[in-house]
Structure formats: structure tokens, C-alpha cells
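Asks: One structure is given below, represented as C-alpha cells, and several questions about it will come after.
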Amino acid sequence: MIFPIVRTAIIALRRDRAALALSFILPISFFSIFAVIFAGHRDSMPKISLIVVDEDNSRASRQLLNGLQTDGSLKVITSTAAKPDSAPPAPYTNSTAEAAVKAGDVSVALIIPRGFGENPISFGPNSDPARSAPPIQLLNDASDQIAPQMVAGLLQKEAMTAMPSVMAETGMKYTERYLGQFTPEQRKRVDDSLNQLRQLENKPPAAGTGSGFGGIISVKERSVVGNTKNGSMISFYAAAIGVMFLLFTASGSAGSLLDEAESGTLDRVLSSRIDMTGLLAGKLVFNTLLAFTQLTVMFLWGWAVFKLDLFSHIPGFLVMGLCTALAVAAFGMLLASICHTRAQLGAVSTLLILTMSAIGGSMFPRFLMPESIQKAGLWTINAWAIDGFTKVFWRDQPVTALWPQVVVLLATGIVLFAIARRLARRWEFS
Amino acid sequence: MVQEAHIPGTAHLPGPSETVAPAAAPPLQVDSLVKRFGQVTAVDGISLDLRAGECLGLLGPNGAGKTTLIRAIAGRVIPDSGRVAVFGASAGSSAARAALGWIPQEIALYPPLTAKENLRAFGRYNGMSGKSLNESVAWCLNWAALEDRAGELVRNLSGGMKRRLNMAAGLIHHPRLVLMDEPTVGVDPQSRNRIFEMIEALRAQGMTVIYTTHYMEEAERLCDRIAIVDHGRIIALDTKEALVRASFAERSQVMARFAGPAEAVSAWVANRGGRMTGSTAELSAEFSVDRPTEIASLLDEAAAAGFEIVDVSLRRPNLESVFLHLTGRELRD
């Protein structure tokens with residue numbers, strides 16, 4: 001007797017075209033926004049805009065500026081932009097750079113002061129203050145906590161990589177200061193080495209390395225997962241956003257129980273051959289099918305628009321899609337059986353679903369969260385569903401590897417449905 | 001006009017009497033039924049037997065316990081004590097549910113579905129399919145005079161049409177006993193008449209019906225026997241004529257309206273064996289007389305006491321009079 005209930009629900013949904021459209025368009029819209037923001041342009045990561053004022057204009061300061069300019073994560077600005085009123089671009093000064101930070105044009109500005117090149121590098125606190133260079137000023141907007149730290153770190157890196165000859169010269173000076181003067185022969189060897197180093201500095205930089213010098217520790221980066229796929233993050237957001245909207249749709253759809261109880265239709269249905277278990281099972285099947293259809297439409301959208309590799313992962317998608325759909329449908333049934341009115345259902349479902357989505361990774365990847373929150377996230381449907389879809393689409397794992405997610409989601413669906421059935425006894429008899 | 005043809009497929013309906021109860025089991029037996037909701041006793045020891053093919057009216061004011069009794073018969077209320085048997089099967093059992101058609105007071109339909117889709121849905125819920133379902137849907141639409149609105153969404157139907165469809169949905173599975181819980185609530189007089197015609201068409205086919213109402217004229221028109229329900233009890237159960245005779249014998253009622261000081265009028269009416277009715281400002285009273293000719297002496301005595309009777313009428317007692325007589329309250333209190 002489940003099928004007649006499913007059939008009635010399908011007809012009712014088909015009639016409410018606005019609800020039908022919203023249940024598909026809304027999640028697709030949100031998914032697209034997230035996909036475009038976070039996943040669609042991975043090759044063009046946003047750069048930190050940095051104003052650099054080189055008051056010193058020495059070899060060391062130019063080398064430092066050059067190093068910063070060639071760093072892939074920075075967009076170095078040294079002159080004001082050309083204005084429409086034909087004001088010509090002008091080099092930034094100490095005051096105009098500070099004004100630009102205050103105005104919010106950039107978050108960070110570096111002022112390389114006069115005299116920097118005379119003694120650009122100092123080792124340790126015992127350096128002679130009289131011989132130390134005036135410090136570089138880093139002007140920042142306190143509302144941006146990340147950019148100043150990034151720039152400060154990159155500055156240290158560039159000191160090491162962009163101006164090795166300066167570093168070596170400084171090292172020689174310290175050596176002579178603490179060990180005594182070089183002999184003429186030693187001096188000649190040092191000068192030869194420094195000349196070779198300067199020639200190396202003048203070579204054009206390799207792409208992406210930031211400078212011609214490879215750094216103190218040689219590092220070669222190689223992504224072993226998620227690098228070769230087209231839009232690997234798309235699947236993450238399809239699952240993440242999808243589960244959140246599935247939860248909303250499922251709770252709204254399960255709310256039809258409350259409408260039917262209020263109108264007396266539920267009484268009439270239960271006076272027919274259909275009992276409460278059959279009625280709830282029918283609604284569970286319908287809500288599962290609805291949720292699975294929503295997920296399918298969303299992933300098809302991801303395939304069509306964001307080049308998500310859906311068709312190579314059909315078995316994994318089917319397994320995860322159906323398990324996720326069952327779990328969210330049962331969750332919706334539980335909410336509907338807990339609440340007494342539609343208004344209650346709206347408030348409770350919004351609170352619970354947003355909380356679950358926040359800690360379960362639908363809004364923000366769980367691996368970026370504190371460990372305690374990551375553990376708490378394991379109590380949500382979102383986390384297990386997202387983990388499963390990530391295994392399928394990102395890590396290319398076989399369907400058999402999905403067993404933890406399948407077990408948890410199926411068990412969640414069964415347990416929540418059982419609780420919903422128990423709570424629904426209040427409608428059964430009076 | 002309302003359909004007079006027999007309900008299709010009735011002969012093939014697997015009724016409860018074939019599977020559970022002996023063929024001679026009466027349509028309904030209610031034995032010492034008690035149902036309490038907290039401190040309130042909604043049904044207080046009701047016993048009732050229904051004969052095959054009769055229409056029993058449950059007449060009583062709102063809150064008398066009629067709907068709780070109906071819901072208990074439909075198996076939707078678990079009694080605290082007592083027993084309900086439908087064609088010998090316990091209320092709520094699958095056999096009882098198959099034999100019962102319940103027409104609830106509320107419009108218990110799916111608003112987004114059409115009239116036809118609603119009937120088909122409830123038919124399927126009752127295990128029907130194929131040709132028998134199609135025939136039954138057609139019969140119901142014809143019976144409710146909704147054939148030309150079959151494709152209309154329920155939410156777009158008028159109040160009277162919804163009521164008629166609500167009734168039809170309760171008959172879609174060819175029940176042998178129909179429970180109608182105030183089916184004319186909130187409908188205009190024209191729609192009410194149409195509903196009466198529908199019920200009379202069913203009655204003509206020998207359908208057994210329980211009809212609850214707080215409109216005595218409906219009970220008088222439609223029902224063979226009438227149970228007067230008050231405070232969860234059946235305080236009288238018989239034909240209309242027998243009920244009136246039991247309360248009033250052959251006496252008639254005289255309704256009079258007075259002009260004069262209220263306290264003095266009330267005292268005189270009580271002394272004369274009558275009772276004040278209506279609001280205090282109206283100064284209306286009711287008297288019981290053996291013969292209509294007693295009106296003349298009533299008028300003379302009022303005039304002698306110094307009161308003017310501005311309006312007087314004679315009427316035979318009806319169910320409302322019986323209810324008033326038995327409970328001391330108006331039926332629509």
C-alpha cells in the first residue's frame with residue numbers, strides 16, 4: 001500500500017509548480033555560486049595586492065622589489081593608477097601608500113626606507129645598532145588578519161632567495177668582524193664567489209619560483225590527488241550544498257503530514273486499508289526519490305556547466321546518492337513527527353539544518369575546522385554524505401570503499417524512521 | 001438529479017461478514033462504550049444496535065459526544081472501556097474498515113488534486129484498482145453531481161461541491177455502513193438540499209447510515225430512528241413519533257410573548273406551569289396544553305393578571321421540544 005501514497009504525493013508536487021521549481025532551482029543556484037567562487041577558478045587564485053614604496057632605490061632594495069614582483073601570490077603596485085581625469089600615474093610615496101591602506105585600496109603596504117641597502121640584513125639581536133639598516137615598514141589594515149602575515153613571511157623568503165649575494169656579503173662582513181680580516185688570497189676567492197652569485201641573480205627567474213635562486217631547501221611540489229581532475233572541488237560543493245538543501249526539502253515535504261493531520265485527511269487515510277507504518281513508508285519512499293532526483297539534477301548541472309566527471313563515477317554516485325537521500329528523507333520524517341505545527345517545523349528544521357550544515361561541512365570544509373568540531377561533525381548526515389561523495393569523485397575510490405558511509409547513512413535512515421514511526425503514534429489513535 | 005443506480009461492484013466487495021463475522025451479524029453493535037479525554041468524559045457508557053438498512057440519527061448539541069462516538073466506530077478512537085463491532089468485526093480491524101465508509105466533519109481531501117484524482121487516491125488506499133476503481137469513481141462523481149467538475153482542483157471547488165466530494169470519497173470503496181458526521185456543516189440551503197437528495201438516494205438502495213447533526217429538521221427528514229445524545233449519553237432512542245409521544249403524549253405547545261414587567265411575568269408563567277424561553281428582554285414563554293382550545297383560557301388568565309400577550313402560536317412538539325423537555329436546554333446551546 002506504499003505505492004498509492006507515493007503516487008498521490010507525486011501528483012501533489014507536480015501541481016505545485018512553484019514548489020517543484022524551487023526545490024530544483026534553489027539548490028542549483030546556490031551550488032553554482034559556491035562552485036564559481038571556490039572551485040571554478042582554481043588556476044587564478046586571488047593575489048594579495050601590495051603597495052611597495054622604494055625610497056632607497058639601492059641594489060638590495062631593487063632586488064627585494066624584484067623578488068616580490070615575481071612572486072606568484074603577490075600583486076605588487078608601485079604607482080597610482082591612471083585616473084579618468086587624465087591625472088598621470090605617479091609613484092607611491094610614504095604618505096600616499098598610507099592613505100591607500102586607510103582608504104581600503106590595499107590591505108598592506110611596504111615602505112623600504114632610505115639607507116636600507118647599506119646594511120640590509122642583520123643576523124640576531126647582537127647586531128650593532130649603529131650599523132643596522134632602518135627597518136622596513138609594513139603598513140596594514142587590521143581588519144585583514146591574513147595579508148600582513150603572508151607579506152611578512154614572503155618578505156623573509158625573498159630576503160633569502162631574491163638577494164643571495166647581499167646575504168653572502170653580509171655574512172662575509174660578520175665573518176671578518178668576528179674572525180679577523182681575510183688574507184688577500186681569501187679576499188680574492190670571496191669576491192669571485194660573490195661575482196658568480198651576482199651573475200646567477202641576473203638570470204631570468206623560472207616560472208613560479210619567484211626568483212632565479214632556488215631557495216635554501218629545494219622543494220618540488222607534486223599533487224597526488226585532485227590535481228588531474230577537472231573541477232574536483234565541484235563534486236565537493238555539489239554534495240555539500242546538495243545535502244543541505246536536501247535536508248530543507250525533505251523536512252518541508254514531510255510537513256505534508258502536519259497539513260494532512262490538521263485537515264482531517266490523515267484520519268481518513270488511516271481509516272482506509274493503509275496503516276500508519278504504510279503511510280510513513282510511502283512518504284519516506286517519495287521523499288527519498290525526491291531527494292535523489294534533486295541530487296541527480298544537481299550533479300548533472302555540475303557535469304554540464306562545470307565539467308564534473310559524473311559519468312565515470314555512476315556506481316559510486318548511485319550508492320551515495322540513494323543512501324544520502326534515504327537518510328535526509330528519514331530526517332525530514334522525524335522532524336515532521338516531532339513538531340505539532342508547520343510553524344514549529346519551519347523553526348526547528350531551520351535551526352537544526354543550519355547547525356548540521358555548519359559543523360557537517362556543507363558551508364565550510366571540515367578539514368579546516370578545529371578537531372573537536374570535526375569530531376562533532378561526524379554526528380551529522382552532511383559529513384558522512386560529503387565524505388562519501390569525496391571518496392567517489394575526488395579520491396577515485398571504488399564503491400567498496402564507501403562501506404563506512406553507506407552503513408552510517410543507512411543506519412541513520414532506519415533509526416530516524418523508527419523514531420518517527422514511534423512518535424507518529426500520537427496521530428494514530430486518540 | 002442524484003444518481004439512483006446501484007453502487008457498482010457491491011456484489012464483489014469482500015465484506016467483513018464473509019471473512020470474519022457470521023452473515024447475520026448486525027451492521028453495528030456498541031456496548032457500554034466509555035471514552036475519556038483527561039477529566040472530560042466524552043462518551044459515557046453508550047450502548048447501541050443498528051439494524052441493516054436503517055438510518056440512525058445522532059442528535060445533540062455541539063460537544064455532546066457525537067463525533068467521539070463516530071470516531072470510535074471508525075476505529076480512530078480507542079475506548080477506555082466497552083466494545084464496538086461492525087458487522088461483527090472489532091472497530092479498527094481491517095474487516096471493519098473495509099465495511100465502513102466514514103465521512104468526517106472536516107473536508108478531508110487533497111486540495112492540490114482534482115476531484116477525480118482524490119476519488120482515485122482514496123479508492124487505491126482502499127485496495128481498489130482497474131475497472132472497479134474506474135466504475136466506482138464514475139458512480140461517485142455522478143452521485144455527487146460533480147461529473148462536469150471532475151478535472152477541477154479541489155481547492156477551486158465551491159464549499160458545497162467540496163462537501164459533496166468529501167461525502168463521495170467516503171463511499172468510493174462500496175461500504176455497507178456509512179458514518180456521516182455533520183455533512184452539511186457550513187453549506188448554503190441549496191447545497192444542503194442537494195446533500196439530502198444524495199443521502200436519500202443512498203437510503204433508497206438500502207444503505208445503512210449513521211447521521212450526526214445538531215439540526216433537528218435534518219434528523220427528522222432523513223432518519224428512521226433518532227438517538228438524542230447529551231453529555232456523552234444517549235438519553236432517548238426511538239422513532240421521532242415515539243420520542244415525541246413519550247415526552248408529550250398528545251399535548252401541544254403554546255408559544256407566547258408578553259408585554260409587562262419581567263419579574264411579574266416570569267412569576268405568573270411559572271405559576272401557570274409554563275417556562276420562560278429565549279432572552280429576558282423578549283419575555284417569551286412556552287406552555288403545554290392537552291387541547292388547542294386551552295389557548296383561549298390562557299389568554300383570559302393573562303389578561304386577568306394584567307399582562308398583555310402580544311404574540312401567540314400553537315405547535316406540535318418536535319425533536320427540539322423533546323430535547324428541551326429531556327435536558328432543560330435548547331438543542332443549539
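A quick yes/no check of all residues on (1) β-branched (Val, Ile, Thr); (2) surrounded by 22 or more Cβ atoms within 10 Å (Cβ to Cβ); (3) more than 19 Å from B:MET180 (Cα to Cα):
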residue: B:SER93; (1), (2), (3): no, no, yes
residue: B:ALA96; (1), (2), (3): no, yes, no
residue: B:TRP102; (1), (2), (3): no, yes, no
residue: B:MET128; (1), (2), (3): no, yes, yes
residue: B:LYS131; (1), (2), (3): no, no, yes
residue: B:ALA150; (1), (2), (3): no, no, yes
residue: B:ARG155; (1), (2), (3): no, no, yes
residue: B:GLY160; (1), (2), (3): no, no, no
residue: B:LEU165; (1), (2), (3): no, yes, no
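Asks: Next question, about the same structure. It is to be established whether one or more residues within region B:123-135 are at the interface with another protein chain (Cβ under 7 Å from one of its Cβ atoms) and among the acidic types (Asp, Glu). Spell out the reasoning first.
Replies: Let us first name the residues in region B:123-135 that are at the interface with another protein chain (Cβ under 7 Å from one of its Cβ atoms), namely B:124-127.
Add one more test, that the residue is among the acidic types (Asp, Glu), and what stays is none.
No, the conditions are met nowhere in region B:123-135.
Asks: Go through region B:83-122 residue by residue and tally those that are within 21 Å of B:GLY53 (Cα to Cα) and more than 11 Å from every other protein chain (Cβ to nearest Cβ). Before you say what the answer is, go through the steps one by one.
Replies: Kept after step one, since they are within 21 Å of B:GLY53 (Cα to Cα), are these residues of region B:83-122: B:84-91, B:95-104.
Add one more test, that the residue is more than 11 Å from every other protein chain (Cβ to nearest Cβ), and what stays is B:84-90, B:99.
Adding up the residues that qualify gives 8.
Asks: Among the numbered conditions (1) modelled with pLDDT of 90 or more; (2) in the same structural domain as B:LEU299 (by TED's automatic domain parsing), tell me where B:ILE234 comes up short.
Replies: (2)
Asks: When region A:71-95 is examined, which residues are found to be of a type outside the set (Gly, Ala, Ser), outside any loop (DSSP other than H, G, I, E, B) and within 21 Å of A:SER58 (Cβ to Cβ)? Write out each step before concluding.
Replies: Start the filter on region A:71-95 by keeping residues that are of a type outside the set (Gly, Ala, Ser), which leaves A:71, A:74-78, A:80, A:83-85, A:88-89, A:91-94.
Of the ones still in play, those that are also outside any loop (DSSP other than H, G, I, E, B) are A:74-77, A:91, A:94.
Hits for region A:71-95 are A:LEU74, A:VAL76, A:ILE77, A:PRO91, A:ASN94.
Asks: It is to be established whether one or more residues within region B:41-55 are free of Cβ contacts under 8 Å to residues at least 12 places away in the same chain, within 14 Å of another protein chain (Cβ to nearest Cβ) and touching a helix residue (DSSP H, G or I) at 6+ places or on another chain (Cβ under 7 Å). Spell out the reasoning first.
Replies: Let us first name the residues in region B:41-55 that are free of Cβ contacts under 8 Å to residues at least 12 places away in the same chain, namely none.
There is no residue in region B:41-55 that is free of Cβ contacts under 8 Å to residues at least 12 places away in the same chain, within 14 Å of another protein chain (Cβ to nearest Cβ) and touching a helix residue (DSSP H, G or I) at 6+ places or on another chain (Cβ under 7 Å).
Asks: Looking for something farther than 21 Å from B:ASP238 by Cβ and in a helix (DSSP H, G or I) - is there at least one such residue anywhere in region B:315-330?
Replies: no
Asks: Still on this model: For region A:244-293, give me each residue that is over 44 Å from the mean Cα position of the chain (by Cα) and in a loop (DSSP other than H, G, I, E, B).
Replies: Result: A:GLY264, A:SER271, A:SER272, A:ARG273, A:ILE274, A:ASP275.
Asks: Against the conditions (1) crowded, with 22+ Cβ neighbours inside 10 Å; (2) of a type outside the set (D, E, K, R); (3) more than 17 Å from A:LEU266 (Cα to Cα), where does B:THR68 fall short? Just the number, please.
Replies: (3)
Asks: Residue under question is B:GLY92, and the condition is that it be in contact with a His (Cβ under 8 Å, 6 or more places away or on another chain), under 25 Å from A:LEU266 (Cβ atoms) and at pLDDT below 95; does it hold? Quick ask: steps written out before the conclusion?
Replies: Values: in contact with a His (Cβ under 8 Å, 6 or more places away or on another chain): no; under 25 Å from A:LEU266 (Cβ atoms): yes; at pLDDT below 95: yes.
For B:GLY92, the condition - in contact with a His (Cβ under 8 Å, 6 or more places away or on another chain), under 25 Å from A:LEU266 (Cβ atoms) and at pLDDT below 95 - is not met.
Asks: Scan region B:298-312 for residues that are closer than 17 Å to B:SER252 by Cβ and at pLDDT below 85 and jot them down. Steps first, answer last, please.
Replies: First, pick out the residues of region B:298-312 that are closer than 17 Å to B:SER252 by Cβ: B:298-299, B:309, B:311-312.
The answer is B:LEU298, B:LEU299, B:ILE309.
Asks: If you scan region A:265-312, which residues turn out to be out of contact with any helix residue (DSSP H, G or I) (no Cβ under 9 Å at 6 or more places or on another chain) and over 20 Å from A:GLY388 (Cβ atoms)?
Replies: Result: A:ALA304, single match.
Asks: Any chance region B:140-156 includes a residue that's touching a Phe, Trp or Tyr at 6+ places or on another chain (Cβ under 6 Å), within 19 Å of A:GLU262 (Cα to Cα), at pLDDT 90 or above and in the same structural domain as B:LEU237 (by TED's automatic domain parsing)? Working first, answer last.
Replies: Here is the first cut: in region B:140-156, the residues touching a Phe, Trp or Tyr at 6+ places or on another chain (Cβ under 6 Å) are none.
No: region B:140-156 contains no residue that is touching a Phe, Trp or Tyr at 6+ places or on another chain (Cβ under 6 Å), within 19 Å of A:GLU262 (Cα to Cα), at pLDDT 90 or above and in the same structural domain as B:LEU237 (by TED's automatic domain parsing).
Asks: Checking the conditions here, which among A:LEU295, A:LEU289, A:LEU300 is out of contact with any strand residue (DSSP E or B) (no Cβ under 7 Å at 6 or more places or on another chain) and over 25 Å from A:VAL407 (Cβ atoms)?
Replies: Numbers: A:LEU295 fails: over 25 Å from A:VAL407 (Cβ atoms); A:LEU289 fails: over 25 Å from A:VAL407 (Cβ atoms).
On inspection, the qualifying residue turns out to be A:LEU300.
The values are calculated or read from the model by the stated rules, or taken from the named source; none is laboratory data. Keep in mind that this is a model prediction, so the values were computed, not measured. Here the Cβ is made from the backbone with ideal geometry for all residues, glycine too, and neighbour counts use every protein chain on show.
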